[in-house]
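Heads up: the structure comes next, in structure tokens.
The values are calculated or read from the model by the stated rules, or taken from the named source; none is laboratory data. Quick caveat, the model's predicted, so the values are computed rather than measured. When we count neighbours, we look across all protein chains shown, and the Cβ atoms used for this are built from the backbone with ideal geometry, even at glycine.
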Amino acid sequence: MKSIFIKLTPYIIVFIIVNIYSFKTSDFFKQEKKYIERIDSVLDSQSEIVFLGDSHVETIKLLNLSNNLGNLAFGADGVYEMYIKVLSMIKYNKNLKYVFIATEPQIFNNSSSSNSTFLNKYLLKLDDTLNVYNKSKLNLITEKVPLFNDSYISFALNEIYSNLKPSSNSDKKVWSELSNEERIEIATNTGISDHSSVMTNQSFINTYKTIIEICKTNNIKVIGVRFPVNENYINQCKNDERKKVDDFIKTLNLDLNLDYSTKITNPIYFDDEDHLNKKGIEILSNIIFEDSGIKIKK
């Protein structure tokens, strides 16, 4: 037994060193830190209003947000991530009165989010009756070790692949300075990717519905919101799939449903094909205030 341990010792040491190095240096865990800090900040402030969604909704971070508003939206978030965040708010934030939730078609595409493991800290304390990630308590704990974390492994492999690809020397151009043809091509390609298999994952649909039900049960008003995007981006969602999304949203009886998909169209208000810049989000915040009576900036 002793001889086996001696033989294994060098491998154990290497395993520990690799894990520590990965945790200290990887962008994955830097992203995790930002993710957790944002949730904890909202919980600490006991915000009356929160925004849920992916990177589209996350653009509200460009604003000087009202003191009673918390931004829980994060790039690559999906339905499951919004569900866990709502459970956290219900349990730890008794001041919550309004939830703005993304209703955009790409939220319902059939892709899982790498952000899932960022929520393990909260899942250990919550009663997730749906068990959306199908993880045991042991999974939640062991995923703290980088080499036992599938999401990190996928991230690391993708990073290696990206570094092996020929690098592009062209800097990102300002969206408004691109030609119309260039904007159409970029928006179309991104739109095709983001709207793959919309409304085909029944678990996402059921979980989204549960989010609304939980809020209503706790007397929290729910406001659906779609942020402005380039028309060539949103048009890549097939008409029948967009109708399925719209029909589904109607069945939820939201307190308010704000669709701003094509409300702002001038390229000078966009950072890229599907994200507003600071000027654009300032304009949108004023529109939201006019339509909902809720002030989201100071």
Quiz item: What number of residues within the range 221-244 are surrounded by fewer than 21 Cβ atoms within 10 Å (Cβ to Cβ) and among the β-branched types (Val, Ile, Thr)?
Solution: 1
Exercise. Among residues belonging to the range 60-116 that are surrounded by 23 or more Cβ atoms within 10 Å (Cβ to Cβ) and polar (S, T, N, Q), point out the one that is farthest from residue 243 (Cα to Cα).
Key: 71
Quiz item: Got a sec? Which of 259, 271 is on the phi < 0 side of the Ramachandran plot, surrounded by 14 or more Cβ atoms within 10 Å (Cβ to Cβ) and in contact with a strand residue (DSSP E or B) (Cβ under 7 Å, 6 or more places away or on another chain)?
Solution: 259
Exercise. Being of a type in the set (Gly, Ala, Ser) and assigned to a loop (DSSP other than H, G, I, E, B) narrows it down to one of 285, 196, 203, so name that one.
Key: 196
Exercise. State whether the residues of the range 176-193 include one that is of a type outside the set (Gly, Ala, Ser), within 22 Å of the chain's Cα centre (by Cα) and farther than 29 Å from residue 271 by Cβ.
Key: no
Self-check item: Output for the range 137-161, where each listed residue is at pLDDT 90 or above, hydrophobic (A, V, I, L, M, F, W, C) and either in a loop (DSSP other than H, G, I, E, B) or surrounded by fewer than 17 Cβ atoms within 10 Å (Cβ to Cβ) (or both)
Solution: 138, 141, 145, 147, 148, 153
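Is it the case, given these coordinates, that residue 184 is at pLDDT 95 or above, surrounded by 14 or more Cβ atoms within 10 Å (Cβ to Cβ), of a type in the set (Val, Ile, Thr) and assigned to a helix (DSSP H, G or I)?
Working: at pLDDT 95 or above: yes; surrounded by 14 or more Cβ atoms within 10 Å (Cβ to Cβ): yes; of a type in the set (Val, Ile, Thr): yes; assigned to a helix (DSSP H, G or I): yes.
Criteria met by residue 184.
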Quiz prompt | Some residue of the range 157-167 being under 26 Å from residue 109 (Cα atoms), within 24 Å of the chain's Cα centre (by Cα) and polar (S, T, N, Q) | solution = yes
Exercise. Filter the range 211-239 for residues that are among the basic types (Lys, Arg), modelled with pLDDT of 95 or more and outside any helix (DSSP H, G or I) and give the result.
Key: 221, 226
